[in-house]
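The values are calculated or read from the model by the stated rules, or taken from the named source; none is laboratory data. Note that the structure is predicted; figures quoted are calculated from it, not measured. Counting neighbours? That spans all protein chains shown, and the Cβs are built from the backbone with ideal geometry, glycine included. All accessible areas refer to the heavy atoms of the entire protein, side chains included, with ligands and DNA or RNA removed. Shrake-Rupley method; radii C 1.70, N 1.55, O 1.52, S 1.80 Å.
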Amino acid sequence: MRLLLAVCLLTILPALAMAQSAGLSGSALERANAERQERGLPPLGTDPRLARAAEEQAAHMARVGRMTHRGPRGEDIMRRVRGAGFRSCFAAENVAFGQPDGNAVTTAWMGSASHRRNILDKRASVAAVAGARRADGVIYWAMILAAPC
């Protein structure tokens, strides 16, 4: 019985974490697109491969307890995007931690010149944002912006 419960939890928990991530991050991309629209830029679309890459990066940062632009195997953003199956000629990443929701994290990113530059980059056409909550309640955020080749 315990083994069955453990198997069920291992199957259900990743799905719950992904659902939580989607719930946390939806407003972040909406807000980023509003910022782009205010400046005459086209909205960013979405791609499930980028969403997986952003979720993995947010979860990795939550596991290690620090912000990083390196993946769990030391890979940079372009390698992670291409490793997710997205053939990209441009990729950028914003990371953060501690903001309670997507609106707050986008506000923080827009207040930083380098992060704002990524969100407003004319080369970006798709994006994904994910948040992973640690047991202590702190949320780690990853936003990936990209353009296909």
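Grab the Cα-Cα distance for residue 149 and residue 46, subtract it from 0.36 nm times how many residues apart they are, and report the gain in nm with one decimal.
Working: separation 103, 0.36 × 103 = 37.08 nm, distance 1.55 nm.
Stretched fully, the residue 149-residue 46 segment lengthens by 35.5 nm.
Of all the accessible heavy-atom surface of the range 16-148, with the other protein chains kept in place and a 1.4 Å probe, what percent is carbon and sulfur? Write out the running numbers ahead of the final one.
Values: 3420 of 6510 Å².
On the range 16-148, the fraction of accessible area on carbon and sulfur atoms equals 52 percent.
To the nearest 0.05, what FRET efficiency results for residue 39 and residue 82 with a Förster distance of 30 Å applied to their C-beta separation?
Values: r = 29 Å, r/R0 = 0.95.
With R0 = 30 Å, the Cβ-Cβ based efficiency is 0.55.
Express in nm, to one decimal, how much length is gained between residue 64 and residue 120 on full extension, taking 0.36 nm for each residue of separation and deducting their alpha carbon distance. It would help to have the intermediate numbers written out before the result.
Details: separation 56, 0.36 × 56 = 20.16 nm, distance 2.91 nm.
The residue 64-residue 120 span can extend by a further 17.2 nm.
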field: Table column - 3J(HN,Hα) (Hz), the range 132-143, Karplus curve with 6.51, -1.76, 1.60, x for Gly and Pro
entry: 10, 8, 6, 4, 7, x, 5, 9, 9, 10, 9, 10
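Just check the range 16-148 against the gyration tensor rule for me: Cα atoms, a ≥ b ≥ c as the square roots of the eigenvalues, rounded for a/c under 1.5, and otherwise prolate or oblate depending on whether a/b exceeds b/c. Please report the intermediate quantities before stating the final value.
Values: a/c = 1.62, a/b = 1.17, b/c = 1.38.
Here the range 16-148 falls in the oblate category.
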field: Probe 1.4 Å, accessible area per residue of the range 69-145, Å²
entry: 47 Å²
query: With r defined as the distance between the Cβ atoms of residue 113 and residue 134 and R0 fixed at 25 Å, what FRET efficiency is calculated, to the nearest 0.05?
result: 0.35
